Structures are given as structure tokens and as C-alpha cells.
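The values are calculated or read from the model by the stated rules, or taken from the named source; none is laboratory data. None of the values given here were measured: they were computed from a predicted structure. No Cβ is skipped: glycine too gets one built from the backbone with ideal geometry, and neighbour counts run over all protein chains shown. Surface areas here come from the heavy atoms of the whole protein model, side chains and all, with no ligands, DNA or RNA. Shrake-Rupley method; radii C 1.70, N 1.55, O 1.52, S 1.80 Å.
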Amino acid sequence: VVSTWDGERAEKVRLDPHGDLEVLVAIPAFHLATEKARHALPAHIPHADAVFNVGSSSLLVAALASGKLELIKHAMRDRLHQPYRAALIPGMQE
């Protein structure tokens, strides 16, 4: 489901996953407290990084909706969370 909230109204669109899409769930062997993960994030982010992430999330929705699953690996790039939390997650760089 893709959704948005403007403070007054929610909008949503349900997308059925492409038949060739497979899902893998991985449960890490460590615990990371939500508070610690939140504190790793900066108070402000560069505009370019926000724009980059909007593009990535848009590409992810388009890839899932169109069945162009080869684009998912490009759509999963992130500049808002992963760079700041990488040091807290063993093996994340690998």
C-alpha cells in the first residue's frame, strides 16, 4: 500500500505484488534499541539527500507496479537512514 497523510486526509493505493516477486525475511542476531537508532539520525538533512530518497521511493513503487523487478536494487538506495545507522548494525556495510 502506498499512502500519504496531509494532516487532514489520508490517501492510499493498494498494489498487488508481481507474481515473480519473492520475499526474504531476515531476523538479525542482535538487538538495536529504537531510541539509539533514532539518535543516530541528524537533526537536519541536506535537501539533495531528501530529493534522492523521494526519487528512490518513487522508483521502488514504479518497479513494483510495473513488474520491472530488476530496478528494485537501485530503488533501495538510501541517504536518510542507512548512512547514519550503519555503524550500529554489524555487517551492514557488507
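Quick notes on this structure:
- To put it simply, the accessible area of the chain at a 1.4 Å probe is 57 percent carbon and sulfur.
- Around L69: net Lys/Arg minus Asp/Glu count, Cβ-Cβ under 12 Å: -1
- What the phi angles of the stretch 74-80 give under the Karplus curve with 6.51, -1.76 and 1.60, with θ = phi - 60°, is a coupling list of 6, 6, 8, 5, 9, 10, 9 Hz, glycine and proline written as x.
- Surface exposure of the chain, expressed per residue as accessible area with a 1.4 Å probe, stands at 83 Å².
- Global geometry of the chain, whether rounded, prolate or oblate, following the gyration tensor of its Cα atoms and the 1.5 cut on a/c: oblate
- Rounded to the nearest 10 Å², the accessible area of S66 at probe 1.4 Å: 70 Å²
- Where F52, F30 fall by accessible area, highest first, once all protein chains stay in place (1.4 Å): F30, F52
- Simple label model, 7 Å out from Cα along Cβ direction - H39 to L88, nm: 0.9 nm
- Residues of the stretch 64-94 with amide N under 17 Å of a point placed 7 Å along Cα→Cβ from L21: 64-77
- With helices as the sole contributors, the chain gives -10000 deg cm²/dmol at 222 nm; each DSSP H run of n ≥ 4 counts as -39500 (n - 2.57), and the sum is divided by every residue.
- GNM remark for the chain: springs join alpha carbons under 10 Å apart, and the peak mean-square fluctuation among K36, K68, K12 falls on K12.
- Spin-label pair D6/S58, simplified geometry with 7 Å Cα→Cβ offset, distance in nm: 1.8 nm
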